[in-house]
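Remarks on the structure that follows.
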């Protein structure tokens, strides 16, 4: 099927925004956010790198959307409009494309996202995808990584390590492990986190490359340090083994939100989280001394050399 027919058959029906013009043009008009700041993010996924070759395409579609939504949440923004780039391998049948498009459309709808357009090409090797996503800020400006200050609380949503355990299960060839879905389809915090971050956080980022590595990055960007109490982190499987906790907190693919906030905001943050039915916990504190320090039962921990996934060529 020609590329233009892919677009008209599978993706034009999903692009309901007037700015999309039925995906008939190469550009799209962004809708007005009523004066609120708009952020934009993009994430790419490559077969064999960001998802397994045998992962169902429905889960690939859901993961593509969620990893981008996580970025908007961490900026204190709600997702709005999207552009999709799709490199489709010639050996994959059209029925696979239909499965992908159905799940992709359902996931966009679940987050209130409008598809504006994008590009599709035939790929000579594996599947690759890229989603560009805008988000409307729920505060006066986007929340950056660089806003933390010494003495602030460090908060974390949700659970860390579920994706790691799911990947382990798939590597063992298991087919019914409960953690498998967490690896294939990130479990994001409730959408209320965008408003919470936008109104209360000084700095924030999503946890995608390993909690400890990402915490160190937020501290470095803010020109200060960070202390993490490992006992306060909710880890998948509820392990109390330090070596396992370090493994889970440096693996990645969690897509929870890490943020700092003033101590006098604790009651407001907890109230906001309760209203959104969101798991959240204070896991540490920003410090004046640069670098990352991790504590276990009140004692400093010797950290592994690699604190998370490192991107590179």
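Of all residues being over 18 Å from the mean Cα position of the chain (by Cα) and part of a loop (DSSP other than H, G, I, E, B) in the range 139-160, which is surrounded by the fewest Cβ atoms within 10 Å (Cβ to Cβ)? Just the residue, please.
140
Report yes if residue 85 is at pLDDT 95 or above, in contact with a strand residue (DSSP E or B) (Cβ under 8 Å, 6 or more places away or on another chain) and either more than 19 Å from residue 188 (Cα to Cα) or not in a strand (DSSP E or B) (or both), otherwise no.
On the way: at pLDDT 95 or above: yes; in contact with a strand residue (DSSP E or B) (Cβ under 8 Å, 6 or more places away or on another chain): yes; either more than 19 Å from residue 188 (Cα to Cα) or not in a strand (DSSP E or B) (or both): yes.
Judged against the criteria, residue 85 is a match.
For a quick check of your reading of the model, give me the residue pairs whose first member lies in the range 197-220 and is over 19 Å from residue 295 (Cβ atoms) and not assigned by TED's automatic domain parsing to the domain that holds residue 242, whose second is at pLDDT 95 or above and not in a helix (DSSP H, G or I), with beta-carbon atoms closer than 9 Å and at least 6 apart or on different chains.
Short answer, once both residue conditions are applied: none.
In the set 118, 135, which member is more than 30 Å from residue 289 (Cα to Cα), crowded, with 19+ Cβ neighbours inside 10 Å and over 18 Å from the mean Cα position of the chain (by Cα)?
Only one candidate passes the filter, namely 118.
Being under 17 Å from residue 221 (Cα atoms), modelled with pLDDT of 95 or more and in a loop (DSSP other than H, G, I, E, B) is the filter here; which residues of the range 288-313 pass it?
Once the filter is applied, which keeps residues that are under 17 Å from residue 221 (Cα atoms), modelled with pLDDT of 95 or more and in a loop (DSSP other than H, G, I, E, B), the range 288-313 yields 288, 289, 290.
Residues of the range 266-280 being in contact with a helix residue (DSSP H, G or I) (Cβ under 9 Å, 6 or more places away or on another chain), surrounded by fewer than 18 Cβ atoms within 10 Å (Cβ to Cβ) and either outside any loop (DSSP other than H, G, I, E, B) or on the phi > 0 side of the Ramachandran plot (or both), which ones?
Those that are in contact with a helix residue (DSSP H, G or I) (Cβ under 9 Å, 6 or more places away or on another chain), surrounded by fewer than 18 Cβ atoms within 10 Å (Cβ to Cβ) and either outside any loop (DSSP other than H, G, I, E, B) or on the phi > 0 side of the Ramachandran plot (or both): 268, 275, 277.
Out of (1) in contact (Cβ under 8 Å) with a residue 12 or more places away in the chain; (2) within 30 Å of residue 52 (Cβ to Cβ); (3) over 19 Å from the mean Cα position of the chain (by Cα), what's the single condition that is false for residue 231?
Condition not satisfied by residue 231: (2).
When the range 256-265 is examined, which residues are found to be in a helix (DSSP H, G or I) and either under 19 Å from residue 194 (Cβ atoms) or out of contact with any strand residue (DSSP E or B) (no Cβ under 7 Å at 6 or more places or on another chain) (or both)?
Residues of the range 256-265 in a helix (DSSP H, G or I): 263-265.
Correct list: 264, 265.
The values are calculated or read from the model by the stated rules, or taken from the named source; none is laboratory data. Owing to the predicted nature of the structure, the values given are computational and were not obtained by experimental measurement. Glycine gets a Cβ as well: all are built from the backbone with ideal geometry, and neighbour counts include every protein chain shown.
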